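To keep things clear, I will list the structure first and then write my remarks on it.
The values are calculated or read from the model by the stated rules, or taken from the named source; none is laboratory data. Since this is a predicted model, take the numbers as computed values, not measurements. Glycine gets a Cβ as well: all are built from the backbone with ideal geometry, and neighbour counts include every protein chain shown. The accessibility values were calculated without ligands, DNA or RNA, using every heavy atom of the protein model including side chains. Shrake-Rupley method; radii C 1.70, N 1.55, O 1.52, S 1.80 Å.
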Amino acid sequence: TMDPFLSACTGIDAMTHAIEAAVSNAHSPITDLHALKAIELIKENLEKVILNPLDVHAREGMTLGCLEAGLAFSNASLGAVHAMAHSLGGFFDLPHGECNAILLPHVMEFNFPASDDQFRKIMKSLSLHGPKQMTSREAQKLILNEVNRLRQAIGIQEKLSDRGVHRTDIQELVGKALRDPCLVTNPRAAKKRDLEVIYEEAL
């Protein structure tokens, strides 16, 4: 019975759980099984749930996808998306999943150089295909285009500036994000200036 916006926010939150768990510096073959299956299930069902909230089969797929994502991140932890989204959502009282959706592609782009192999596994779970000898840059573009497409398709189209965030807020947001434990398992070490840039890009 969740309305489309709540379904979108919770669904993209689960997708973020799965993606961050898959690239976490604490991931393992066991957590990868759950994370990659979650990505596959959510990719397959999230848009269906938004278009037809009464599609019970799609709801079932999302339920299982959320469970798989939970099993993954409760063991592999998360990363910079959640560290930054916790700060953002708490400071501006914004929906957690919406914060994740806005930040996710920017953090993925930052993390890609440190986790190329894992992102290529994510690419397969998203049912994305490219040239056999795909460069890292080509794979990155393909994945980011799909994440942005999915975000737009489920109705989360805003930037941070559309939600009342200003450049002058960034220092406060970064200060809190730096103290978030999720940052510890981000695959690429993120310093103060890194988080500032990501927030700036998301404006």
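Sequence-distant contacts, meaning Cα pairs under 8 Å at least 6 residues apart, place the relative contact order of the chain at 28 percent. For the residue pairs 121/176; 43/132; 124/192; 48/124; 43/159; 132/191, the alpha carbons lie more than 25 Å apart in 121/176; 124/192; 132/191.
Protection proxy ranking, highest mean first, for peptides 135-144, 193-202: 193-202, 135-144, where packing is the per-residue count of other beta-carbon atoms within 10 Å, averaged.
Ligands, DNA and RNA are left out, and with a 1.4 angstrom probe the accessible area of the chain is 47 Å² per residue.
According to the square roots a ≥ b ≥ c of the eigenvalues of the Cα gyration tensor, what is the shape class of segment 109-157, taking rounded for a/c under 1.5, prolate for a/b larger than b/c otherwise, and oblate for the remainder? The partial results should precede the final answer.
Working: a/c = 2.15, a/b = 1.59, b/c = 1.35.
Note, shape of segment 109-157 comes out prolate.
Heavy-atom surface analysis with a 1.4 Å probe gives segment 126-167 a carbon and sulfur content of 46 percent of its accessible area.
Computed 3J(HN,Hα) for segment 157-162, one whole-Hz value per residue from the Karplus formula 6.51 cos²θ - 1.76 cosθ + 1.60 where θ = phi - 60°, is 10, 6, 9, 4, 5, 5, glycine and proline marked x.
What shape does segment 1-107 have by the C-alpha gyration tensor, where a ≥ b ≥ c are the square roots of the eigenvalues, rounded means a/c under 1.5, and otherwise prolate means a/b greater than b/c and oblate the rest? Write out the running numbers ahead of the final one.
On the way: a/c = 2.35, a/b = 1.12, b/c = 2.10.
Oblate, because a/c is 1.5 or more while a/b does not exceed b/c.
Dividing the summed helix terms, -39500 (n - 2.57) for each DSSP H run of n ≥ 4, by the number of residues in the chain produces a 222 nm estimate of -22500 deg cm²/dmol to the nearest 500. Rounded, prolate or oblate: which fits segment 106-203 when a ≥ b ≥ c are the square roots of the eigenvalues of the alpha-carbon gyration tensor, with rounded for a/c under 1.5 and prolate only if a/b beats b/c? Since a/c reaches 1.5 but b/c is at least a/b, the shape of segment 106-203 is classed as oblate.
Farthest toward the positive end of the dipole of segment 78-195, out of 136, 165, 187, is the Cα of 136, where the dipole comes from beta carbon charges about the Cα centre.
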